[in-house]
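Notes follow once the structure below has been shown.
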Amino acid sequence: MPTLVDSSVWIDYFNGVATPQTDRLDALLGRGEVVVGDLILAEVLQGFRDDRDFERAREALLAVPVLLMGSRDLALASAENFRSLRRQGVTLRSTIDCWIATYCLQERLELLHADRDFDHCRRHLGLRTLGLQ
């Protein structure tokens, strides 16, 4: 099953930060089990200041399948999930995180992340994440 990797992991990976998540990403890349979303692609690449680093990261990211994550139905489902979480006392810090979680839920993808907002989505919405909690 492909795993969607969040920008929180990609950023650490490209910065050479060793974490359980970046180790898992490295292992998944070796097996061809990684996908990246178009929103995540933009989030990661916009952070590079150096052109050479940007090009290396761009090449690496485009070597895995890029999924198009936008649609009207996804926008509506994401808004509903955000509101549902807020009713349960959880306010996510990022609309994009809710969008990514909702996409994973709809597409039945696992998410590899290093962002506590996704832990709320796992607990309250049933988001499937890799066992690094």
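Just so you know, all these numbers are worked out from the coordinates, no wet-lab data involved. Values in this document were obtained by computation on a predicted structure and should not be read as measured data. Positions of Cβ are backbone-derived with ideal geometry, glycine not excepted, and every protein chain shown enters the neighbour counts.
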Proxy reagent accessibility, fewest Cβ within 10 Å first, across Leu68, Leu112: Leu68, Leu112
Under-5 Å amide H pairs with Thr3, H placed in peptide plane, nonlocal only: Val34, Val35
Ratio Rg/Rh [Cα only; Rh per Kirkwood] for the chain: 0.96
Neighbour net charge for Val9 - beta-carbon separation under 11 angstrom, K R +1, D E -1: -4
Karplus 3J(HN,Hα) series, Hz, for region 22-38 with 6.51 cos²θ - 1.76 cosθ + 1.60 (x for Gly, Pro): 5, 4, 5, 4, 4, 5, 5, 4, x, 9, x, 10, 10, 10, 10, x, 4
Expected 222 nm ellipticity per residue - DSSP helices of 4 or more, -39500 (n - 2.57), all of the chain, to 500: -18000 deg cm²/dmol
Distant-in-sequence amide H partners of Thr129 (H built 1.01 Å from N, under 5 Å): Leu111
Dipole magnitude of region 3-125, debye to nearest 20 (Cβ charges: Lys/Arg +1, Asp/Glu -1, about Cα centre): 520 debye
Region 83-133: trypsin sites (Lys or Arg not before Pro) in DSSP coil with no more than 12 other Cβ atoms inside 10 Å: Arg93, Arg108
Length-normalised contact order for the chain - Cα pairs under 8 Å, 6+ apart - percent: 31 percent
Positive-end residue, the chain charge dipole about Cα centroid, Cβ charges, pick of Ala101, His124, Ala18: His124
